[in-house]
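> Attaching a single structure in structure tokens format; questions to follow.
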Amino acid sequence: MKNNKKDSFSKYGKIFQEKLAFIILDDRAFADRMVEVLDVEFLEFKYLQVFVQKIFDYKLKYGTHPSYDTMKTIIKSGIVEENELLQDQIVKYYAKVLSNVNILESAEYIKDTAIDFCRKQKLREAMLKSTTLLQKCSFDEISVLINDALKAGADADFGYDYVKDFEKRFEFSGRETITTGWQKMDEITGGGGGRKELGVVIAPTGVGKSMVLVHLGANAVKAGLTVVHYTLELRETVIASRYDSCITGIPLDELMDRKEEIREMINDFDGTLIVKEYPTKTATTNTIRAHLEKLKQQGIVPDMIIVDYADLLRTLSQRNEKREELESIYEELRSIMMEHNVVGWTASQTNRTGLQSEIITMQSISEAFNKCFVADFIFSVSRTADDKQTNGGRIYIAKNRNGPDGLVYSIFMDTANIDIKVLGRYNPEEHNSSPSLSDGEKKEYLSNKYKKLMKGAIM
């Protein structure tokens, strides 16, 4: 059923309107603006009118925005019981948009166009009313009408006034951070990972990116915080077992025999860990958003979100090039960290140049160098074949918005026990000082070198 009202979104087409209705559900800030200016009859189709009106009604009644699942429940309960055809249209529409990976494509264009259209309608309405008031010389009322129309739908946040908001910048002197578990890394980052920030670990395949992410999450859990760890490559139980080893210090190969000991140890922690598995290239950033909403409904509010790892997410929209798709994923991830006020960590694969690199820089990052621009903190993990034999390696601080970068540290990395330590500053001359040694002698030399560093280790 179509609405023949002259002033409607009909000129933009059905797809535009279907996307607009879903964006109102997906974007809370945008919905808050639209509720002031959108007459649901601007939408050409009755099922979209009812859908959006239910969102607005929910916000008015409960003072909050409905989640995807809440909206699904509302729809299933029967929005329009008296009209089976219309009810069926709404059910089919919602199922369609939830399964459409491209539903949020061109979202910014749609939002801008819709806001502009609605605000013009508000202004037009105000001007028509002003015609009558003009005959009565009610100029003050005309002024109020026009001003209200101009303000309707505007972004309520006008920004930070440098002079008027002077006191605000002294209310909190620093970032709210969560420790990395490494004293030296915390020092150079100003306390660790910051809320509303995204950190990225870059390393070649097989070096231990997932273990580094587990280390970061485990230290947050031990600090009594809530961590949500999304695994896109390994099973939930594998990741959970790695947390067992990292948190308790029990080697991976002893976990099965020391089950009850582990149970007793982890029960003493106040922190919360949720591990959620999605098969590779099946989840999008919207999938993560929807899961976080489910957790929120259960009273679980994360302090840290880990995505292991971002390159394995599916894009919301198909771009011309893969690098553009990856950049979009990282942008969306950082948005999630900002929306939920959490510390975010993910990882990225290096290209072939990073496999035997002594020090991996951002030039070795796989597929899309521009995704580095999005991150707040980036460090690489380099481990040659010799390093793996001696549990050695290096960390390179590639990007640090809150401190120095370009620094290199030697590390101890025992992947069998999920034990990672940051040692002293890396000395390339010392590392390469014995080229004449045999393989066996070199292994012993490197092992002794890392043991020496361990004595003065910075955890």
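For every residue, the table says whether it meets (1) of a type outside the set (A, V, I, L, M); (2) out of contact with any helix residue (DSSP H, G or I) (no Cβ under 6 Å at 6 or more places or on another chain); (3) in contact (Cβ under 8 Å) with a residue 60 or more places away in the chain.
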site	(1), (2), (3)
PRO66	yes, no, no
TYR93	yes, no, yes
LEU104	no, yes, yes
ALA114	no, no, yes
PHE117	yes, yes, yes
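> Given the conditions (1) at pLDDT 95 or above; (2) surrounded by 21 or more Cβ atoms within 10 Å (Cβ to Cβ), report the number of the one that ILE202 does not fulfil.
Here ILE202 clears every test but (1).
> Can I ask one more? Residues to consider are GLU84, GLU125; find the one that is over 30 Å from THR287 (Cβ atoms) and at pLDDT 85 or above.
Details: GLU125 fails: at pLDDT 85 or above.
Of GLU84, GLU125, the one residue that is over 30 Å from THR287 (Cβ atoms) and at pLDDT 85 or above is GLU84.
> Looking at VAL301, VAL275, which one is in contact with a strand residue (DSSP E or B) (Cβ under 8 Å, 6 or more places away or on another chain) and part of a strand (DSSP E or B)?
Values: VAL301 fails: part of a strand (DSSP E or B).
After ruling out the rest, the residue left standing is VAL275.
> Report yes if VAL275 is at pLDDT 90 or above and in the same structural domain as LEU312 (by TED's automatic domain parsing), otherwise no.
Numbers: at pLDDT 90 or above: yes; in the same structural domain as LEU312 (by TED's automatic domain parsing): yes.
Yes.
> What number of residues in segment 69-85 are in a helix (DSSP H, G or I) and crowded, with 16+ Cβ neighbours inside 10 Å? Let's see the steps before the verdict.
At the first step, the residues of segment 69-85 found to be in a helix (DSSP H, G or I) are 69-76, 84-85.
Next cut, crowded, with 16+ Cβ neighbours inside 10 Å only: 70-71, 74-75.
Number of matching residues: 4.
> If you scan segment 239-272, which residues turn out to be within 26 Å of HIS340 (Cα to Cα) and part of a loop (DSSP other than H, G, I, E, B)?
PHE269, ASP270, GLY271
> Among the residues of segment 49-66, what is the count of those that are modelled with pLDDT under 85 and under 21 Å from ILE288 (Cβ atoms)?
Qualifying residue count for the region: 1.
> Please return the ranges of strands (runs of 3 or more DSSP E) entirely within segment 346-459 where 2 or more residues are crowded, with 20+ Cβ neighbours inside 10 Å, modelled with pLDDT under 65 and not hydrophobic (A, V, I, L, M, F, W, C). Before the answer, list the steps.
Values: elements: 377-382, 394-400, 408-414, 419-425.
Per the criteria, no element qualifies.
> So LYS296 clears everything in (1) at pLDDT 90 or above; (2) part of a helix (DSSP H, G or I); (3) of a type in the set (Lys, Arg) except one condition, right? Which one?
(1)
The values are calculated or read from the model by the stated rules, or taken from the named source; none is laboratory data. Just so you know, these numbers come straight off a predicted model, no measurement behind them. Cβ sites come from the backbone with ideal geometry, for glycine too, and all protein chains shown count toward neighbours.
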